[in-house]
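*Asks:* Please find one structure pasted underneath; my questions will follow.
The values are calculated or read from the model by the stated rules, or taken from the named source; none is laboratory data. Note that this is a predicted model, so its numbers are computed, not measured. Note: ideal-geometry Cβ built from the backbone for every residue, glycine included; neighbour counts use all protein chains shown. With ligands, DNA and RNA removed, areas are computed over all heavy atoms of the protein, side chains included. Shrake-Rupley method; radii C 1.70, N 1.55, O 1.52, S 1.80 Å.
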Amino acid sequence: MSTSEMTAERPQRQQGLDYDAIIVGAGISGMYQLYKLRELGMNVRVLEAGTGVGGTWYWNRYPGARFDSESYSYGYSFSDELLQEWNWTEHFSPQPETLKYLNFVADKFDLRRDIEFRTRVTAAHFKADQRLWEIRSEAGKVYRCRFFIPAVGPLSAPTMPRIDGIPSFEGASYHTATWPHEPVSFEGKRVAVIGTGATGVQTIQEVAKTVGHLTVFQRTPNWCKPLKNRKITEDEQRRIKAAYDEIFKRCDETFSCFLHTPDPRSAMEVSAEEREAFLEKLYETPGFGMWQGNFRDMLTNREANKVVSDFVAGKIRQRVNDPVVAEKLIPKNHGFGTRRVPMESGYYEVYNQPNVELVDINETPIERITPKGIRTSDREYEFDMIIYATGFDAVTGSFDRIDIRGTDGLALKDRWKGSIETFLGIMVDRFPNMMMLVGPHTALGNIPRSIEYNVEWVAGLLGYMQQHKLSFAEPTPGAVEEWTANVRKHAEGLLSNEIDSWMTGVNRNIDGKTTRIVARYSGSAPAYRAWCDRVAAANYEGVDFA
Ligand code: NAP
């Protein structure tokens, strides 16, 4: 069916509604949800704060930004035509190419005509008497719709560090997630980077290529692993295109939708030689192999984890010339893989450059940002530029930025105070007709794979409602309780829950986010999908359509 035919068949909307559905965000999830709801003949509007599509890949233009998942496992899988038309040029696509891809998708499926750019949503209130959502933009425009679909992403509310004096700095300063669209040169400049997460690592290794002098301010080192990126050859391109069915089948079967999945063996049941050979192979494997494809007990058994951590520590010691610097770069408070593993291409060698300095701010804390640079307890450093790679108010932060209110004016922020509770990570009781994409408590992993599933599940639910002339959907408290208990059960015994990170909901730059919570579903993606499929097959059992 063509798009125009679908539009012609649109069912009559309830009076007083501007749209059947409003999607907030034109990233990977928002774009696909628009496509899927058009198929249902729905009148949909996407509201997007940026000037273009792409979400994460629109905002995060920092130097060195690129995929950590294999490009061909990351793109949309829903259109064979798209898969055959698009050529990824590298095994791990750089940000400009990914953004180009998402623009290509928007053009191909004519998505832009239903997207309103430069429109930041500030509030979404459910009006129970009329069974509709009233959405308000920063400019004061009001939109009324039946379904409110926040597609705001888990990592889209950037946070600045809580350091005095930030506005006083006279040089250039950037947060990686709001990087300018114009090129930024580091040549001959004295540059500071604060933050050494996946973003900081990619930024540092790129800036170091041309910088005059680079100073990295590190609070917690992370275990990084070589990405091993390279160009895709013509022959590989042909083979990839012929193998898409197998690639996505593989992603469907693995624990977190990556091409890699845990090895069934325990690290403790193999000989020391076998272990060493296996880890050596994983270290050389491109992408997340060492994180996602390691011994099955690496993330649950302290001893197994130590084996892997010791191996990677050895690699860091080999690669960094100065043993004192090497020790600073080796994490001591958490084991390998218990936080998101940054992928690197020459990161450790950066610290062998004579123009690069590592400052451990646990030894010499940052006291303030000054007009000239950064003052630590030890001395003042002068800079031309400060780059904040200080991360995000993750998982719930992008929701918290919008004043979302359900029945009786209940704020979502308050509903989640103390503990997040959801139904499948998609719905929340007392927030009828709100369907979250990549919300808390969903399976994250290789995100586009999880997104496609979530989007299709939501489209399935809305299609079911359309078919049965239903205009109201709210999960029952019991269904929310059951799903939340399942999410918590899966979090038990994971070493990743013993360390602060965005994955445990901790961001010390934000009030009220200093204690660890169960923020994400950590069971397998196939088990997640099986649960959601069961719900759908039972006519959306757990959802009250009254
Ligand atoms: P992040 O992992 O939260 O890292 C933030 C960094 O800033 C940490 O090193 C943190 O130190 C530091 N920091 C924060 N506040 C600070 C302060 N007041 N003083 C000093 N240091 C401070 O954020 P991210 O690196 O942006 O990455 C977030 C996630 O985005 C990743 O885990 C990943 O899932 C995703 N990502 C994906 C890709 C990709 O796919 N290619 C690339 C980049 C990011 P502490 O550790 O001590 O808190």
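*Asks:* Please work out which residue is nearest to the ligand (Cβ to nearest atom), limiting yourself to the stretch 182-203 and to residues that are open to solvent by 10 Å² or more (accessible area, probe 1.4 Å) and touching a helix residue (DSSP H, G or I) at 6+ places or on another chain (Cβ under 6 Å).
*Replies:* Taking the candidates together, the pick is THR199.
*Asks:* Please specify each residue of the stretch 37-55 satisfying the condition of being assigned to a loop (DSSP other than H, G, I, E, B), of a type outside the set (Asp, Glu) and on the phi < 0 side of the Ramachandran plot.
*Replies:* Residues satisfying the conditions are LEU40, MET42, ASN43, ALA49, GLY50, THR51, GLY52, VAL53.
*Asks:* Related question: Looking at (1) of a type outside the set (A, V, I, L, M); (2) farther than 17 Å from ASN229 by Cα; (3) open to solvent by 60 Å² or more (accessible area, probe 1.4 Å), can you tell me which one LYS281 breaks?
*Replies:* It fails just one condition, (2).
*Asks:* Still on this structure: So which of LYS228, LYS209 ends up being among the charged types (D, E, K, R), at pLDDT 95 or above and within 16 Å of the ligand (Cβ to nearest atom)?
*Replies:* From the options LYS228, LYS209, the qualifying one is LYS228.
*Asks:* Here is a follow-up. I'd like to check which helices (runs of 4 or more DSSP H) are fully inside the stretch 56-162 and have at least 1 residues that are within 16 Å of the ligand (Cβ to nearest atom).
*Replies:* Because the criterion is at least 1 residues that are within 16 Å of the ligand (Cβ to nearest atom), the helices (runs of 4 or more DSSP H) in the stretch 56-162 that meet it are 56-59, 71-74, 95-108.
*Asks:* Hey, any hits in the stretch 379-387 for a residue that's within 12 Å of the ligand (Cβ to nearest atom) and of a type in the set (A, V, I, L, M, F, W, C)?
*Replies:* Checked the stretch 379-387: at least one residue is within 12 Å of the ligand (Cβ to nearest atom) and of a type in the set (A, V, I, L, M, F, W, C).
*Asks:* From TYR143, TYR174, TYR76, which residue is farther than 21 Å from GLU39 by Cβ, under 23 Å from the mean Cα position of the chain (by Cα) and in contact (Cβ under 8 Å) with a residue 12 or more places away in the chain?
*Replies:* TYR174
*Asks:* Yes or no: the stretch 523-537 includes at least one residue that is away from the ligand (no atom under 16 Å from the Cβ) and of a type in the set (Lys, Arg).
*Replies:* yes
*Asks:* Given the options THR407, THR396, name the one that is of a type in the set (S, T, N, Q), open to solvent by 10 Å² or more (accessible area, probe 1.4 Å) and away from the ligand (no atom under 16 Å from the Cβ).
*Replies:* THR407
*Asks:* In this structure, does ASP500 turn out to be under 30 Å from ARG302 (Cβ atoms) and not in a helix (DSSP H, G or I)?
*Replies:* yes
*Asks:* For the stretch 267-324, which fully contained helices (runs of 4 or more DSSP H) count at least 2 residues that are touching a Cys at 6+ places or on another chain (Cβ under 6 Å)?
*Replies:* none
*Asks:* To continue, here is another question. Here are the criteria: (1) open to solvent by 20 Å² or more (accessible area, probe 1.4 Å); (2) β-branched (Val, Ile, Thr); (3) touching a Ser or Thr at 6+ places or on another chain (Cβ under 8 Å); (4) away from the ligand (no atom under 16 Å from the Cβ). Tell me which single one ILE402 does not satisfy.
*Replies:* Failing condition for ILE402: (1).
*Asks:* From the set of residues in the stretch 353-366 that are touching a Ser or Thr at 6+ places or on another chain (Cβ under 8 Å) and without any contact (Cβ under 8 Å) to a residue 60 or more places away in the chain, which is farthest from the ligand (Cβ to nearest atom)?
*Replies:* Of everything passing the filter in the stretch 353-366, THR364 is farthest from the ligand (Cβ to nearest atom).
*Asks:* Could you grab me the full set of residues in the stretch 211-242 that are assigned to a loop (DSSP other than H, G, I, E, B), in contact with a helix residue (DSSP H, G or I) (Cβ under 8 Å, 6 or more places away or on another chain) and open to solvent by less than 50 Å² (accessible area, probe 1.4 Å)?
*Replies:* PRO221, ASN222, TRP223, CYS224, ILE232
*Asks:* Among the strands (runs of 3 or more DSSP E) confined wholly to the stretch 340-454, which include 3 or more residues that are at pLDDT below 95 and out of contact with any helix residue (DSSP H, G or I) (no Cβ under 6 Å at 6 or more places or on another chain)?
*Replies:* none
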